[in-house]
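Take a look at the structure set out below.
Bear in mind that the values in this text are calculations on the coordinates, not laboratory data. In this text, all values refer to a predicted model and were calculated from it rather than measured experimentally. Heads up, the Cβs are rebuilt from the backbone with ideal geometry, glycines too, and the neighbour counts pull from every protein chain shown.
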Amino acid sequence: MSVSVVTLAQMSVTVIPYDHDMTRWEPNAAGRLAQAALELYSERGFEQTTVAEIAARAGLTERTFFRHFADKREVLFAGADRLQELVVTAVASAPGSAAPIDAAVAGVEAAGALLQERREYSRQRQTVIAANAELRERELIKLASLASAIAEALRGRGVEDPAASLAGEAAIAVFRIAFESWTSKTKPRDLPRLIRDSLDELRAVTAGR
């Protein structure tokens, strides 16, 4: 199952209940479009949904849609750059004494804290992505990019390769396991805590216990 980092990526968009009577100039158009798109993708499937239908569901125009998103795929991945900046900042700000893996996981834990209040949205987004091969591939590319950004932030802390690259990849693996648990269980623990638990499991595995 594909994880949403994102999902993680959607967090830069403020999603609010849309109002069909609002004009195209109303604030939070991007949020309304994102909510309308996710509803339609969940109801009809990604491939069967058109931009025109998304705009109509949000009470907006296609022109407004394309002011915010390049295509209907980007509705699910908008905000990835902003999320990456958050993660990289958290890695760079980790205590100087932190081990590479701890600094790397501090980054994805910051992402988890941001996602915490968006569980249902994240769950629905992940379901949509898991059902479409093109979206799964795009999600993997986004995750790979995030792992590379974490590794680069670690290099900025003086961590050399291959340690920096390994820690970046491991942090993403830790996040994915935690995220899948968070979105699949009825009453999960909070996401940052699940990320820490996932890191503990990784340490146990590598220690041979």
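Full extension of the segment from residue 93 to residue 123, taken as 0.36 nm per residue of separation minus the current Cα-Cα distance, would add 7.9 nm. Counting only whole DSSP H helices of the chain, the ones at least 27 Å long by C-alpha along their axis and with mean Kyte-Doolittle hydropathy no lower than 0.5 are 163-184.
Ranked from largest, the principal axis spans of the Cα set of the chain equal 56, 34, 27 Å.
Can you tell me which of 47, 180, 137 moves the most in a GNM of the chain? Springs connect C-alpha atoms under 10 Å apart. Checking each option, the largest mean-square fluctuation is seen for 47.
Using Cβ point charges alone (K and R +1, D and E -1), the dipole size of the chain about the Cα centre works out to roughly 280 debye. Near residue 185, which aspartates and glutamates are there with a Cα under 13 Å away, not counting those fewer than 8 places off in the same chain? Reachable aspartates and glutamates: 120.
Here the Gaussian network model covers the chain, with springs between Cα atoms less than 10 Å apart; of 128, 51, 91, 51 fluctuates the most.
Across the chain, C-alpha contacts under 8 Å between residues 6 or more apart give a mean separation that, scaled by the residue count, equals a relative contact order of 24 percent. Dividing the helix sum by the residues of the chain, where each DSSP H run of 4 or more adds -39500 (n - 2.57), gives a mean residue ellipticity at 222 nm of -22000 deg cm²/dmol. Were the residues from residue 42 through residue 82 laid out at 0.36 nm apart, the gain over their Cα-Cα distance would be 11.9 nm.
In straight-distance terms, cross-link reach from residue 72 covers every one of the aspartates and glutamates whose alpha-carbon lies under 18 Å from its own, apart from those fewer than eight places away in the same chain; here that gives 39, 43, 47, 53, 62, 81, 134, 137, 139. For the pair region 122-139 and region 81-112, the centres of their Cα atoms are 25 angstrom apart.
Each peptide in 181-187, 36-42 receives the mean, over its residues, of other Cβ atoms within 10 Å, and ordering these scores from highest gives 36-42, 181-187. For region 26-145, the spherically averaged projection of the C-alpha convex hull amounts to 8.2 nm².
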